[in-house]
Amino acid sequence: MTFAIIDKQDELSRLIAEKIRSAISRTGEEETKGVPDTVFVVGGDGTLLYAVHQYINELDRVRFYGIHTGTLGFLTDYKDSELDALLGDYINGNVKEQDYPLLEITAGEHIMYGLNEVRVENMVRTQVIDVIINGTLFETFRGTGLSVCTQLGSTAYNRSLGGAVVEDGLDVLQMCEVAGIHHIKFRSLGAPIILGGNAQIELRSKDYEGAMMGADSDLIALHEEKSLRIRKSERKVRMLKGREIPYFYRLRSLF
Ligand code: NAP
């Protein structure tokens, strides 16, 4: 078995990473710069997102196991004061694998994956987008952009956009407007919409010049593309869980 460690690069996270390194090495697992079986992530939800994107093409081979150097997280089940429990659960095999879905956004030859959300935003000018859901033209949106999140991402950017927090275990996608324009001439739904997990969304525009397509913290500039397609990906993120933390306990501790 092999492992790797990704930490947030602050003093506490580095110290904890060092302790994990020596404890796991003593079990006979080898640290690797290649594709490991387990990635220990020390930091927060943001560090976990970063780690997932480092191994985005190897997700079927890699599992992630996170510890938060701060509070709790939505993806991290242990606080830094609980390092012994994290190590004990791992070494004693007291961990279960849980899969998290990824969203896929495609524009021409570009493809990006989001664990929290995928989005298109234009900070330069009003972006006009025809929103097609499961093959039906639903509305024409005008404004800064649109974001589509997973259940997990409902507490991230989605929440700042006025989207609903979604309990874990629900297989849904949620689309939110980013600064939609609503007046006598233009109107779109103007509210978050929750869709089934298998929804297919197409965002069509005559002109995406100046817009950025994003997935979690990754961004690319759009130019000639006219159609963006969003759906749940076949790729999944495999997380290791040593304990069950009730969703509403997590939510209460964080907000
Ligand atoms: P980041 O520094 O990695 O994360 C920004 C903050 O979002 C951090 O405090 C992070 O928590 C928190 N976060 C990440 N995923 C979360 C989740 N699923 N539920 C609740 N909180 C979560 O920032 P980044 O690299 O630019 O972007 C990563 C993610 O941050 C994006 O996917 C986006 O959803 C979110 N974000 C939100 C806003 C906003 O709400 N206005 C703006 C930018 C980015 P930790 O402290 O535990 O790392």
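Mind listing just one residue for me: the one in the stretch 162-184 that is crowded, with 19+ Cβ neighbours inside 10 Å and among the hydrophobic types (A, V, I, L, M, F, W, C) and, of those, nearest to G44 (Cα to Cα)?
Ranking the qualifying residues of the stretch 162-184, first place goes to V166.
Give the stretch 76-93 a look and list any residue that's among the β-branched types (V, I, T) and under 17 Å from M1 (Cβ atoms), or say none.
Matches in the stretch 76-93: I91 only.
Can you list residue pairs whose Cβ atoms sit under 8 Å apart, with the first residue in the stretch 243-255 being closer than 17 Å to Y65 by Cα and the second being of a type in the set (D, E, K, R) and in a loop (DSSP other than H, G, I, E, B)? Count only pairs 6 or more apart in sequence or on different chains.
R243/D77; I245/D77
Among the residues of the stretch 226-249, is any aromatic (F, W, Y) and under 21 Å from Q127 (Cβ atoms)?
Scanning the stretch 226-249, I find no residue that is aromatic (F, W, Y) and under 21 Å from Q127 (Cβ atoms), so the answer is no.
Would you pick out the residues in the stretch 131-161 that are more than 20 Å from M212 (Cβ to Cβ), away from the ligand (no atom under 11 Å from the Cβ) and either of a type in the set (G, A, S) or crowded, with 21+ Cβ neighbours inside 10 Å (or both)?
Within the stretch 131-161, G135 is the sole residue that qualifies.
If a residue has to be over 14 Å from the mean Cα position of the chain (by Cα), part of a strand (DSSP E or B) and either surrounded by fewer than 19 Cβ atoms within 10 Å (Cβ to Cβ) or not hydrophobic (A, V, I, L, M, F, W, C) (or both) to count, how many in the stretch 232-251 make the cut?
Of the residues in the stretch 232-251, 2 are over 14 Å from the mean Cα position of the chain (by Cα), part of a strand (DSSP E or B) and either surrounded by fewer than 19 Cβ atoms within 10 Å (Cβ to Cβ) or not hydrophobic (A, V, I, L, M, F, W, C) (or both).
Determine which single condition G28 fails, assuming it passes every other condition in (1) of a type outside the set (S, T, Y); (2) part of a strand (DSSP E or B); (3) surrounded by fewer than 23 Cβ atoms within 10 Å (Cβ to Cβ).
(2)
Could you say which residue among V165, V128, V178 is touching a residue at least 60 places away in the same chain (Cβ under 8 Å), within 16 Å of the ligand (Cβ to nearest atom) and of a type in the set (A, V, I, L, M)?
The match here is V165.
Quick one: is V120 within 21 Å of Q200 (Cβ to Cβ) and more than 9 Å from the ligand (Cβ to nearest atom)?
So V120 passes the test.
With more than 23 Å from T47 (Cβ to Cβ), surrounded by fewer than 20 Cβ atoms within 10 Å (Cβ to Cβ) and not charged (D, E, K, R) as the only criterion, which of I194, I201, I220 stands out?
When all the criteria are applied, what remains is I194.
Just a yes or no: is a residue in the stretch 31-45 hydrophobic (A, V, I, L, M, F, W, C) and in a loop (DSSP other than H, G, I, E, B)?
Within the stretch 31-45 (the criterion being hydrophobic (A, V, I, L, M, F, W, C) and in a loop (DSSP other than H, G, I, E, B)), the answer is yes, since at least one residue qualifies.
Computed from the coordinates by the stated procedures, all read-outs in this text should not be read as laboratory data. What you see is a predicted model, and the numbers here were worked out from it, not measured in a lab. All Cβ positions, glycine included, derive from the backbone under ideal geometry; neighbour counts span all protein chains shown.
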